[in-house]
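Take a look at the structure below.
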Amino acid sequence: MALFQQLNRIYAPLRGRAVRLTQALARRGLEANWGWYANHSVKVDGEYQTEEFPIPVIEAKGLCEIGLNLDGCWVEFQLSREAALAFDWGQLPEGAEVYGAEQYLMDFYAAGMDRAGIAGRIAESTEQAVNAALSFPPDAPDDALLSAVETFHRWNTEANRKGDDTNG
C-alpha cells in the first residue's frame, strides 16, 4: 500500500471529525474554525516529547481548543492570571492538567500533584495566563468533548467574573 493511502486512512477520520465538531460548535452559537497544526508537546512515559506531525485543532474563538490526536483528544481553555488565582480548582475533574500558557511544560497540576496547591503554584510563577486541559480517549463521543466545551464556557465566565472582582 502506498504511503499516501496509509496516511489518508489515518487522517481522513480525523478531518471528518474536525468538520463535524466545528459544525456542532457553530450550531451552539460559537464561532469556530479548525486547521492542521504540528509541534505539540505530549507526555510519553512521564517525559515530554514533540509531535512533528500535524493534527486537527479546532478553535472555539475566545473560549477553548479541541485537539484530535492520533491516540486521544483534548479540550483546553485559558484563564488570565487573575482569573486563575480566583478560580475554584476543586471543581477540576480527575485527569485534568493545569499548566503555564507561556511555559507550557510548567505543570501547576497533573497526576500525582496536590490539587489544593494549584493557586499557590500559579502565584509563585511569572505566568500571565494559565491553561487547563481535559484528555479523552480517541473514541470518546463527540458529545463528551462538546460537554467539556460547555463546562469550560461556564468556568471561564465564572472565573473571569471573579478575576475581575479581585482587580477591584
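The values are calculated or read from the model by the stated rules, or taken from the named source; none is laboratory data. Just so you know, these numbers come straight off a predicted model, no measurement behind them. Cβ sites come from the backbone with ideal geometry, for glycine too, and all protein chains shown count toward neighbours. These area figures cover heavy atoms from the full protein model, side chains too; ligands, DNA and RNA do not enter into them. Shrake-Rupley method; radii C 1.70, N 1.55, O 1.52, S 1.80 Å.
Observations
- With contacts taken as Cα pairs under 8 Å and at least 6 residues apart, the chain reaches a relative contact order of 22 percent.
- Take the convex hull of the alpha carbons in the stretch 29-134; its mean projected area over all directions comes to 7.2 nm².
- Annotation for Arg9 and Asp88: the two label points, set 7 Å from Cα along the Cα-Cβ direction, are 4.9 nm apart.
- Sequence-distant residues sharing a close amide H with Ala32 (under 5 Å, placed H): Lys61
- Spacing of the two label points (7 Å from each Cα toward its C-beta) at Asp143 and Ala38, in nm: 3.7
- Sequence of His40, His153 when ordered by accessible area, the most exposed leading, probe 1.4 angstrom: His153, His40
- Residues in the stretch 12-25 carry Karplus couplings, in order, of 4, x, 5, 4, x, 5, 4, 5, 4, 5, 4, 5, 5, 5 Hz; the curve used is 6.51 cos²θ - 1.76 cosθ + 1.60 with θ = phi - 60°, and Gly or Pro positions show x.
- Zone residues, the stretch 42-61, relative to Glu31, backbone N less than 14 Å from point 7 Å out along Cα-to-Cβ: 59-61
- When you filter the trypsin sites (Lys or Arg not before Pro) in the stretch 19-87 for DSSP loop state and at most 15 other Cβ atoms inside 10 Å of their Cβ, you are left with Arg28, Lys61.
- Think of it as helices only: each DSSP H run of n ≥ 4 in the chain is worth -39500 (n - 2.57), and spread over all residues that comes to -12500 deg cm²/dmol at 222 nm.
- With R₀ fixed at 25 Å, the C-beta to C-beta distance from Glu124 to Glu51 puts the FRET efficiency at about 0.25.
- Rounded to the nearest 20, the Cβ-based charge dipole of the stretch 1-70 about its Cα centre (Lys and Arg +1, Asp and Glu -1) stands at 480 debye.
- Test item: Cα-centred dipole of the chain, Lys/Arg +1 and Asp/Glu -1 on Cβ, debye: 620
- Selection of GluC sites (Glu not before Pro), the stretch 14-63, meeting DSSP coil and at most 14 other Cβ within 10 Å: Glu31, Glu52
- Rounded to the nearest Hz, the phi-derived 3J(HN,Hα) couplings of the stretch 90-100 under the Karplus curve 6.51 cos²θ - 1.76 cosθ + 1.60 (θ = phi - 60°) are x, 7, 5, x, 4, x, 6, 10, 10, 8, x, where x marks glycine and proline.
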